[in-house]
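Accompanying notes for the structure given below.
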Amino acid sequence: MTMRGANRPFCRFGLSFFIILLLPAYLCGQESIAPPSKVVAYDFKYDRGEAVELSWQLSPDDKGNGSISGYEIYRAEDPLDSFISIGFVSAGTSSYRDKSVYKGQSYRYQVATSSDGHLYFSEISAAVVPRMELINWNLLNLFIIGLFLCGSVIFFISHATRGKKLFIRKIAGLEAIDEAIGRATEMGRPILFVPGINDMDDVQTIAGITLLGRVAKVVADYDIRINMPVSRSLVMTTARETIREAYMGAGRPDAYSDDMVNYITDEQFGYVAAVDGIMVRQKPATCFYLGAFFAESLILAETGNSIGAIQIAGTAQPAQLPFFVAACDYTLIGEELFAASAYLSNEPKQLGSLKGQDMGKLLAMIVIILGVLAATVSQMGGGQFFTDIHQFLSNIFTVQN
Amino acid sequence: MNKWGLIISLTIIAAGLLYLFIKSIRGRDVERRFIFLFMGLAVAVPILFNISFSEKATPIVKAAFDKIENLPPGSKILISFDYDPAMAPEVNPMTDAFVRHAMAKGHRVYFMNLWATGQPMVATAIDRIIKTEFPEKKNGVDYVNLGYKAGGTGVLNVIITDIRKMYLTDVNGINLDSLPIMNGIRSLRDMDLLISVGGGLPGVKEWVLFAGDPGHIPVVGGCAAVSAPLLYPYYPNQLMGLLGGIKGAAEYESELKRKYPRFAETPQPGIKMMGPQTMAHLVIMAFIIFGNISYFVLKSRGE
Amino acid sequence: MDTFGIWVAAFLTLGIISFLYRDNPWYKVCESIFVGISAGYWFVTLFYDNILGLFWRGVTSPDPHYMLLVGAVLGFMMLLRLVPPIGWISRWPLAFVVGATAGLYIINYFSSNVMLQVQSTLAPLFSTKFGQPIFEASLYDTIGNLVIAGGTFTGLVYFFFSKEHKGVFGGAARIGIWTIMITFGASFGYTVMSRMSLLIGRMEFIFGDWLRLIR
Amino acid sequence: MKRQVPVIITFIVGAVLIVSVFFPPAERLGENFSVFFDIIAVFAFFLGGGNLIRIHGNKIYRRQKDWAFSAVTLTGFIVMLAAGLFKIANPNGITGDVAATGSLFQTLYYNIFYPLGSTMYALLAFYVASASYRAFRAKNKEATILLIAAFIILLGRTPLGVYATGWVPESFSLLQIPNLAIWIMSSPNLAGQRAIMIGIALGVISMSLRLILGVERTYLGVDNE
């Protein structure tokens, strides 16, 4: 039986067991293995008072030759209750974060070297009380970089609102949307709009719905049939609202009908089975797949291809992009999906936000170049300066928790 | 039987490929239905004749195996079955292997699901593996099935700080506080390892982003091959190891068999499925080649 | 599974596969059953887990979570759509959901996808231990690191919206899209494997459980 | 009022959630919001389920084309609801786990839901085959690169890849197909994934900000003025 196995009942029997185990350790262990020393416990900073950091100096016998198996961590509530084992770390480790403490309670710790089924206990640490802090200063870097990103988006939005002209390059998949809708008009066949299979708590679905708003506007103007099977009830309600408003905007509220959007089933493949059926029976001229897609992407795209529809897809699921890229006429890759609605709106405000997110890319690119160069130069023996730069960049992009 | 099976399958597949080749050389497109039929045959024949190959673990699978192997017995491992029946053939071999390994090593296992449709899978895994191969293991002591909670990443956001805020009872309605295995478990942070097996959303990625990273808890994943490329960026810093698709499962099985002779006779669905899989791969490659031949033949004619 | 169940399952399996030939009544039956059964399944599951398990148990527990009532009120507002004169109230919970999603996504994507991914790209191009001569670096690793840093960089260039893809910038964007195409190709190659396993699973059911041709 | 309130709600909720991350006492707000969403989603299901019954009920009532299939759907829905809500044939009675072994709910799941779902999924194998034949053609540089990468990865997963380049000497081991496949996965693939991921994240941030600030409100059916 290993030491760790032996400690399980220990938790439950508390003090009595503690003494039984402790005694032989003191009696026969003294001369062979040294316990860890300088056990320090301190409150883990900037959290809700739910963690204590523990550090100690390794036992002199911990030489990495397997003579000791590790350290067993003990904790007692203050005023001194019995010590119970709360965790185990392997040899060579000199710190532990206890995440099972309660705010405001005082604790003391003890660390034991575990070797050959025996425990060799350290001194008891000073008492520590985990506290909740008001502000999480650990996330200061997240805050600053976030402020830069959000700030640049907001800056360019307001910049554009003041009438400054912004250049945005052409995105082929979006230029094709009008053409695809036009084709449905010519052929007198419906348009199929699939907003993915996730619910409204996925931002991809929301992106799909905002695009639906743009598509529905054109559809309402040209009086084309739109068919939108959905797999989530909340998406159904939202989509109906969106399309209805588009028809109102076009001045034809009576042409709108709730039957344009239908809930099928929440089940992924049940939904796909039904959409496939709709495709081969109604033969839509144009299919939009905009939202979160999973395995169904290729089933939809290949079925759409077999009926000769123009297909425009967009998703931020990297695993599905290859299928859409291969089987559809146009594909919005990741970021383009989120940019699409802003792009199509052609409003300065929205276009400004695209310029803003480019600033984020610029930041990432600059940091990557500087960081990689600094790391390389420092690797080649370029000196402390470059090591510091690399370390600094690396640190500000590390999220602590 | 095996030898003849191999010969017959190869003959059938070769005949089909020849037909395709002639068609494509002439620049004709083959009808979809023929492709479908051919594909079906290429998979069916090796299954019927039980053709398989040997496997060796790649580093990323080995890392997953070692992570579980090197935890001291009695460690707390949470296994989440984040998939549905449709995905089961591909990922069930992984959960089977993980459960076998954890049980054989003497770890404590906590089951849960982020997918509603995955709930019955845990029950069958417990029946099929723990109850038959490890009858000495006790529910509530050595393992517990927490069941499914709706909310996906929302669930993770909650249980990373407090499991009992989501789960008051286990799947059988027994209060968590009365289960010995839940002693001292307050949140995911008390786990020694999180294993997520799944292929969609929420899946391994969400476990990394919403549980592993914020809680500093090691995560090992198993996923459908389709999600594997997506998860590579997280290895080895945020994800300790990964089983990608059937091949990953087969490699894990071979490693398990090597380390634990007791599993030599247990079913190895992963290794078994690699036979038809390999055949299917060859056929797909042939399709890509022939598709391009016919494309270039057509193009040279057009110009 | 009993014999009857297996036959039912086989009937349904073949029905779905028949769609590959063409749309037909057999497939339509399977499709209709699937839609009905699965919608029912999801409602039952959501009901037990969210309404009964989460909401009801939470509110009636000895230490009640009254915050849950807020959720219920929002949910109830959703139903007001059925009452046209005040149907517009149903936009409130919707606005709530969208706001919450936007807020949560900003933070999660920012810290995990931007910060961590950028941070992990900051590696030296040569994988030598500090102080070793540069020639000890493995050529393959060096090429690999160069490709990772360069590919990530040019990939970002490709996504730039506010600059025309011309000249040097256009060239970088080109390399970026090539890198992305390699990624897609690799994903595809990997996925093929996944898809086959599922077909193998079904075939094993047909030949094994149903026809009993294999063990 | 009808148009302003939702925009204000979105702003407040979004802003509070972002800010809460930096303040430990408010750190857990996100959890509550997730829980609220789950509850809202169930209420919404009454609308979705109601719509399902209405559509198919109408079809049957009016004897429209294919009404018999609608009857099948509706029957399936009601049977599953009844089996689950009343726990028909559940060995533990009305208090047992809804998916207990032997219950009608679980039987339907295993004999109907499961085979249908996994077969639908398995169809993908066929579609992958037809897409490989039809769509993976070297039409331009991008398509060619995609094709070659896919081909090498596929080759690397089969014994053929091992035999094909087994003769390549150890010092050029990267050129052996299985190693090349792994290299592609861990280098260029990683770079592409990272670029896509960073791009997506920035897209999400910008889009979320547009939503929170009320710049984008198409989803509310409210057009931007």
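Looking at A:Ile333, A:Ser152, A:Thr242, which one has the Cα that reaches farthest to the positive end of the dipole of chain A (charges on Cβ: Lys, Arg +1; Asp, Glu -1)?
Final value for the positive-end residue is A:Ser152.
Where the only charges are on Cβ atoms (+1 Lys, Arg; -1 Asp, Glu), what is the dipole of chain C about its Cα centre, to the nearest 20 debye?
Computed about the Cα centre, the dipole is about 420 debye.
If eta is 0.692 mPa s and T is 37 °C, what Stokes-Einstein diffusion coefficient results for chain D, Kirkwood Rh from Cα pairs, in µm²/s? Don't jump to the answer; show the numbers that get you there.
Numbers: Rh = 24.6 Å.
The Stokes-Einstein estimate is 134 µm²/s.
Measuring from label point to label point, each 7 Å out along Cα→Cβ, what is the B:Ile7 to D:Asn58 span in nm?
6.5
³J(HN,Hα) across the stretch C:107-117 via Karplus (A = 6.51, B = -1.76, C = 1.60, θ = phi - 60°), whole Hz, x for Gly/Pro?
Residue by residue, the stretch C:107-117 yields 5, 5, 5, 5, 6, 8, 8, 7, 4, 5, 5 Hz.
What FRET efficiency comes out for A:Asn395 versus B:Asn70 if R0 is 41 angstrom and r is the Cβ-Cβ distance? Round to the nearest 0.05. List each step's numbers first, then the result.
Details: r = 30 Å, r/R0 = 0.73.
After rounding to 0.05, the efficiency reads 0.85.
R0 = 45 Å: FRET efficiency of B:Lys259 with A:Arg97, Cβ-based, nearest 0.05?
0.90
Give the peptides A:119-125, D:183-189 in descending order of average Cβ contacts within 10 Å, highest first. Could the numbers behind the result be given before it?
Numbers: A:119-125: 20.6, D:183-189: 23.6.
So the peptides A:119-125, D:183-189, ranked by packing, come out D:183-189, A:119-125.
Would you tell me the mean number of C-beta atoms belonging to other protein chains that fall within 10 Å of each C-beta in B:182-191, as a whole number?
Mean number of neighbouring Cβ atoms from other chains: 3.
Give the Rg (one decimal place) followed by the Dmax (whole number) of the stretch D:104-149, computed from C-alpha coordinates and expressed in Å.
17.9, 56
Taking R0 as 51 Å, what's the FRET efficiency between A:Asp78 and C:Leu79 from their Cβ-Cβ distance, rounded to 0.05? Don't skip to the answer; put the middle values down first.
Values: r = 53 Å, r/R0 = 1.03.
Once the sixth-power term is evaluated, E becomes 0.45.
Could you work out [θ]222 nm for chain B from helices alone, using -39500 (n - 2.57) per DSSP H run of at least four and dividing by all its residues? Round to the nearest 500 deg cm²/dmol.
When only DSSP H runs of four or more count, the value is -15500 deg cm²/dmol.
How many partner chain Cβ atoms sit within 10 Å of a residue's Cβ in peptide B:76-82, on average, as a whole number? Mind showing how you got there, number by number?
Working: counts 0, 0, 0, 0, 0, 0, 0.
Whole-number average of other-chain Cβ neighbours for B:76-82 is 0.
What average number of partner chain Cβ atoms lie no more than 10 Å from the Cβ of the residues making up C:15-26?
Mean shielding by partner chains, rounded to a whole number: 5.
What residues have an amide H closer than 5 Å to that of D:Arg137, excluding those fewer than 5 places away on the same chain, when H is modeled at 1.01 Å from N in the peptide plane?
none
What fraction of the DSSP beta bridges in the protein assembly as shown is antiparallel, stated in percent and rounded to the nearest 5?
Working: 30 of 74 bridges.
Just about 40 percent of them are antiparallel.
To test your reading of the geometry: what angle, between 0 and 90 degrees and rounded to tens, separates the Cα axis of helix B:32-49 from the longest principal axis of chain B?
60
Please state the shape class of chain C: rounded when a/c is under 1.5, otherwise prolate if a/b exceeds b/c and oblate if not, all from the C-alpha gyration tensor.
Taking the square roots of the gyration eigenvalues as a ≥ b ≥ c, chain C is oblate.
Can you run the Rg to Rh ratio on the stretch C:1-43? Use alpha carbon positions and the Kirkwood inverse-distance Rh.
Working: Rg = 11.5 Å, Rh = 11.1 Å.
Checking Rg against Rh, the ratio lands at 1.04.
Hey, what D do you get for the stretch D:134-189 in µm²/s if you plug the Kirkwood alpha-carbon radius into Stokes-Einstein at 10 °C and 1.306 mPa s? Walk me through the numbers on the way to the answer.
Working: Rh = 11.9 Å.
Rounded to a whole number, D works out at 134 µm²/s.
Which of the listed residues, B:Ala97, B:His107, B:Ala250, is farthest toward the dipole's positive end in the stretch B:59-267, when Lys, Arg count +1 and Asp, Glu count -1 at the beta-carbon?
B:His107
For B:Trp115, list long-range residues whose amide hydrogen, built 1.01 Å from N in the peptide plane, is under 5 Å from its own amide hydrogen.
B:Tyr83
Place a +1 charge on the Cβ of each Lys and Arg in chain D and a -1 charge on the Cβ of each Asp and Glu, then give the dipole magnitude about the Cα centre in debye, rounded to the nearest 20.
840
Work out, in µm²/s and without decimals, the Stokes-Einstein translational diffusion coefficient of the stretch A:166-346 at 37 °C, 0.692 mPa s, Rh from Kirkwood over C-alpha pairs.
The Stokes-Einstein estimate is 206 µm²/s.
Residue by residue, what Karplus-based ³J(HN,Hα) values in Hz, rounded to whole numbers, does the stretch A:295-307 have, using 6.51, -1.76 and 1.60 with θ = phi - 60° and x for Gly and Pro?
My calculation for the stretch A:295-307 gives 4, 5, 3, 6, 4, 5, 5, 6, 5, x, 5, 5, 9 Hz in order.
What size of dipole, in debye to the nearest 20, comes out for the protein assembly as shown about its Cα centre when the only charges are +1 on Lys and Arg C-beta atoms and -1 on Asp and Glu C-beta atoms?
Roughly 2240 debye, rounded to the nearest 20.
Run the simple label-point estimate for D:Leu174 and B:Thr266 please: 7 Å along Cα→C-beta, distance reported in nm.
The two pseudo-label positions are separated by 4.0 nm.
Residues with amide H under 5 Å of A:Tyr256's amide H, sequence separation 5 or more or different chain, H placed in the peptide plane at 1.01 Å from N; which?
Close amide H contacts, sequence-distant or interchain: none at all.
So how do A:223-234, A:75-86 stack up, highest first, on mean other-Cβ count within 10 Å?
Working: A:223-234: 23.1, A:75-86: 17.1.
So the peptides A:223-234, A:75-86, ranked by packing, come out A:223-234, A:75-86.
Could you tell me what a quarter of the Cα convex hull surface of the stretch B:246-303 works out to, in nm² with one decimal place?
Mean projected area for the stretch B:246-303: 4.6 nm², to one decimal.
Binned at 10 Å from 0, what are the whole-percent values of the Cα-Cα distance distribution for the protein assembly as shown, short to long?
Per 10 Å bin, starting at 0, the Cα pair percentages come out as 2, 10, 19, 24, 22, 15, 7, 2, 0, 0.
Could you give the length gained by full extension between A:Lys38 and A:Asp259, i.e. 0.36 nm per residue of separation minus their alpha carbon distance, to one decimal place?
My answer for the length gained is 72.3 nm.
Looking at the stretch B:59-267, I'd like the Rg to Rh ratio, where Rg is from alpha-carbon atoms and Rh is Kirkwood's inverse mean 1/r.
Numbers: Rg = 15.3 Å, Rh = 16.6 Å.
A ratio of 0.92.
Calculate one ³J(HN,Hα) per residue across the stretch C:17-29 by plugging θ = phi - 60° into the Karplus curve 6.51 cos²θ - 1.76 cosθ + 1.60, and present them in order as whole Hz with x for glycine and proline.
5, 4, 4, 5, 6, 5, 5, 7, x, 4, 4, 4, 4
Given the options D:Tyr110, B:Ser52, B:Ile35, identify the residue whose Cα lies farthest towards the positive end of the charge dipole of the protein assembly as shown (+1 on Cβ of Lys, Arg; -1 on Cβ of Asp, Glu).
It is B:Ile35.
Per 0.36 nm of contour for each residue apart, how much would the distance between D:Leu85 and D:Phe23 grow if the chain were fully extended, relative to their Cα-Cα spacing?
18.1 nm
Report Rg(Cα)/(2.2 N^0.38 Å) for chain A, keeping two decimals.
1.46
What's the ranking of D:139-150, A:178-189, A:309-320, B:276-287 by average number of surrounding C-beta atoms within 10 Å, highest first? List each step's numbers first, then the result.
Values: D:139-150: 18.8, A:178-189: 16.3, A:309-320: 26.0, B:276-287: 24.1.
Those peptides, ordered most packed to least, come out A:309-320, B:276-287, D:139-150, A:178-189.
Separation between the A:Gln105 and A:Ser55 pseudo-spin-labels, each 7 Å from Cα along Cα→Cβ, expressed in nm?
2.6
How large is the helix-only mean residue ellipticity at 222 nm for chain C, computed as the sum of -39500 (n - 2.57) over DSSP H runs with n ≥ 4, divided by its residue count, in deg cm²/dmol to the nearest 500?
Mean residue ellipticity, 222 nm, calculated: -21500 deg cm²/dmol.
Taking neighbour Cβ counts within 10 Å as the exposure measure, how do C:Phe43, B:Phe290 sort from fewest upward?
Starting with the residue having the fewest Cβ neighbours, the order is B:Phe290, C:Phe43.
Here, each number is a calculation from the coordinates, and none is a lab measurement. Values in this document were obtained by computation on a predicted structure and should not be read as measured data. Glycine gets a Cβ as well: all are built from the backbone with ideal geometry, and neighbour counts include every protein chain shown.
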